[in-house]
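Here is the structure we will look at.
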Amino acid sequence: MSSASSSERPSERPSERSSERSSGRPSTRSSDDQALDQIGPALSRLRRRAPASSKDLSHNLVLNVITDAPGETTVGGLAAEMGVAQPVASRTVAACIEAGLLRRAASQSDGRRTVLELTEHGEAERDRFAAEQRKAFLEITVAWPPEERLQFARLLARYGADATAWSRERAARRD
C-alpha cells in the first residue's frame, strides 16, 4: 500500500502541492522556478540530516575551513569565513584546541600573528567526518544510477567551491 495520500498525484513534488494548497489553484510558476525555489530548503534539510552531533558539525566546519583556506588562518579569518562573530569563533576554536583538533602557532609570514593549524588528531577527525558523510551520501543515493550519483557529487562540490569564492568576493567588496 502506498504512503501517498489519495489527493497526491504521483508525479507531484511536495513544493508543487504546497503552492497549489496556498492559493487553491495550480501555480502559474514554471517547474524550473519551483525547483530553484527549493534550493534553500533542500540545503537546510541536508544540514539537519548530517549524521553527526552538533559538536561534530561545528568541529568539522572549523577543520574544513582551515584546511580549505588559501593561506594561514587566524581566529578573525575563521570567523569571517564561517560568517559568525569573533567571540563565537573563539569559543569554537577553544573547544577544538581542548579536543586536540587544533593548535595555535606563530605565523610564518608575520611572527606577531597567531594562526590555527590542524593537529594529527584533527586531520584524522576530518578524514573520519568525510568518511561518515560519504557513507551517508551513498546510503541516501543508493537507488540512483551511478552516473547521476557522480554527477550530483561533482555539481555539489562545484557549488561549494563557487559559493566560497562568491562569499569571499562579497566580503572583499564590503572591506
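The values are calculated or read from the model by the stated rules, or taken from the named source; none is laboratory data. Source: prediction; values computed, not measured. Cβ placement follows ideal geometry from the backbone for every residue including glycine, while neighbour counts extend to all protein chains displayed. For the accessible areas, the whole protein counts, side chains as well, though only heavy atoms, and no ligand, DNA or RNA atoms are used. Shrake-Rupley method; radii C 1.70, N 1.55, O 1.52, S 1.80 Å.
Exactly one residue among A157, A105, A143, A94 is at pLDDT 95 or above, loosely packed, with under 13 Cβ neighbours inside 10 Å, hydrophobic (A, V, I, L, M, F, W, C) and closer than 22 Å to L43 by Cβ, and that residue is A143. Is one or more of the residues making up the stretch 52-67 surrounded by 10 or more Cβ atoms within 10 Å (Cβ to Cβ), within 25 Å of Q133 (Cβ to Cβ), more than 18 Å from the chain's Cα centre (by Cα) and at pLDDT 90 or above? Taking every residue of the stretch 52-67 in turn, none turns out to be surrounded by 10 or more Cβ atoms within 10 Å (Cβ to Cβ), within 25 Å of Q133 (Cβ to Cβ), more than 18 Å from the chain's Cα centre (by Cα) and at pLDDT 90 or above.
Are any of the residues in the stretch 68-84 surrounded by 13 or more Cβ atoms within 10 Å (Cβ to Cβ), over 17 Å from the mean Cα position of the chain (by Cα), not in a helix (DSSP H, G or I) and not polar (S, T, N, Q)? Scanning the stretch 68-84 turns up at least one residue that is surrounded by 13 or more Cβ atoms within 10 Å (Cβ to Cβ), over 17 Å from the mean Cα position of the chain (by Cα), not in a helix (DSSP H, G or I) and not polar (S, T, N, Q). Note on the stretch 109-127: residues that are in a helix (DSSP H, G or I) and open to solvent by less than 80 Å² (accessible area, probe 1.4 Å) total 4.
Of all the listed residues (A105, A136), the sole one being over 10 Å from L63 (Cα atoms) and assigned to a helix (DSSP H, G or I) is A136.
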